[in-house]
């Protein structure tokens, strides 16, 4: 049985899962579906065609499914889909998608979104991510699993961040970030690999040494980036993480990459 406070406003057509509690002054739109055993503490606003998975906790003044902040939006009913087990803290905002962008913004399972963080329209966010305070995504971003976004960081629209990357605080991210990367700086630059995160994912010393060697050859070797990229291709067979990084770069084709500051640019 759901527990709904008398001051909450639940529109006809909304679906509330078994065991979900909806606290004071929450407002739920008619096309919203909320899963089982969720907790909306108070003053939560959910609209558009928003679906929230089981076991999520949503704190006061979060606003989910609000219209995309895009000049192309003409009032269409679009979607926001949030997975299971997410924690969404105070004043988090997540916008629904645009028709031009596919009509859906998606967030995976077990995400932890700290206060004032923002997921823009048509973004696709993976599982087990952490967004620190005021981390912000522009529209159409793709964020992989286990990504950590530092506080006050901002990601430019259409940018990709690969799985297990770590973005430092107060970073402006303007280029794609390879999987397992560590980036930092006012305008984010590649500082190395997210070794702590890789250890947490049970990388052995041998694997870490191999991926580090690959990284050095690709980003700090001799010649231009295109030449180095060709030379390291055979290493894809040596470790799945290396194969994942190379596949990520290949999928981006001629997109800008977040690179080190030492002048070894992509050319």
Item to check | Lone unmet requirement of (1) surrounded by fewer than 18 Cβ atoms within 10 Å (Cβ to Cβ); (2) in contact with a strand residue (DSSP E or B) (Cβ under 6 Å, 6 or more places away or on another chain); (3) at negative phi for residue 258 | outcome: (1)
Item to check | Residue within the stretch 35-49 that is out of contact with any strand residue (DSSP E or B) (no Cβ under 7 Å at 6 or more places or on another chain), in a loop (DSSP other than H, G, I, E, B), under 17 Å from residue 11 (Cβ atoms) and at pLDDT 95 or above present | outcome: yes
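For the stretch 92-114, what are the residues that are out of contact with any strand residue (DSSP E or B) (no Cβ under 8 Å at 6 or more places or on another chain) and closer than 19 Å to residue 55 by Cα? Can you show your working first?
Step one: list which residues in the stretch 92-114 are out of contact with any strand residue (DSSP E or B) (no Cβ under 8 Å at 6 or more places or on another chain), which gives 98-102, 109-110.
If the condition is that a residue be out of contact with any strand residue (DSSP E or B) (no Cβ under 8 Å at 6 or more places or on another chain) and closer than 19 Å to residue 55 by Cα, then 109, 110 are the ones that fit.
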Checklist entry - All but one of (1) in contact with a strand residue (DSSP E or B) (Cβ under 6 Å, 6 or more places away or on another chain); (2) over 21 Å from residue 240 (Cβ atoms); (3) buried (at least 19 other Cβ atoms within 10 Å of the Cβ) hold for residue 139; which doesn't? => result (1)
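Return the only residue of 63, 70 being in the same structural domain as residue 145 (by TED's automatic domain parsing) and free of Cβ contacts under 8 Å to residues at least 40 places away in the same chain.
Working: 70 fails: free of Cβ contacts under 8 Å to residues at least 40 places away in the same chain.
Exactly one residue qualifies, and that residue is 63.
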Item to check | Residue match in the stretch 173-191 (condition: farther than 24 Å from residue 142 by Cα, touching a residue at least 40 places away in the same chain (Cβ under 8 Å) and outside the structural domain of residue 120 (by TED's automatic domain parsing)) | outcome: no
Item to check | the stretch 134-144: number of residues that are within 8 Å of the chain's Cα centre (by Cα) and not in a strand (DSSP E or B) | outcome: 2
Checklist entry - Of all the residues that make up the stretch 73-96, how many are within 23 Å of residue 152 (Cα to Cα) and part of a loop (DSSP other than H, G, I, E, B)? => result 6
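Being under 12 Å from the mean Cα position of the chain (by Cα) and either surrounded by 24 or more Cβ atoms within 10 Å (Cβ to Cβ) or in the same structural domain as residue 51 (by TED's automatic domain parsing) (or both): is that true of residue 81 here?
When the stated conditions are applied, residue 81 does not pass them.
Among the residues of the stretch 145-157, how many are surrounded by fewer than 24 Cβ atoms within 10 Å (Cβ to Cβ), within 10 Å of the chain's Cα centre (by Cα) and not in a loop (DSSP other than H, G, I, E, B)?
Residues of the stretch 145-157 that are surrounded by fewer than 24 Cβ atoms within 10 Å (Cβ to Cβ), as a first pass: 145-146, 148, 150-152, 154, 156-157.
Cutting the leftovers down to within 10 Å of the chain's Cα centre (by Cα) gives us 145-146, 148.
Then keep just the ones that are not in a loop (DSSP other than H, G, I, E, B); that gives 148.
Number of matching residues: 1.
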Item to check | Conditions (1) outside the structural domain of residue 102 (by TED's automatic domain parsing); (2) in a loop (DSSP other than H, G, I, E, B); (3) without any contact (Cβ under 8 Å) to a residue 24 or more places away in the chain: number failed by residue 164 | outcome: (3)
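The values are calculated or read from the model by the stated rules, or taken from the named source; none is laboratory data. Since this is a predicted model, take the numbers as computed values, not measurements. For neighbour counting, all protein chains shown are included, and Cβ atoms are generated from backbone atoms with ideal geometry for every residue, glycine included.
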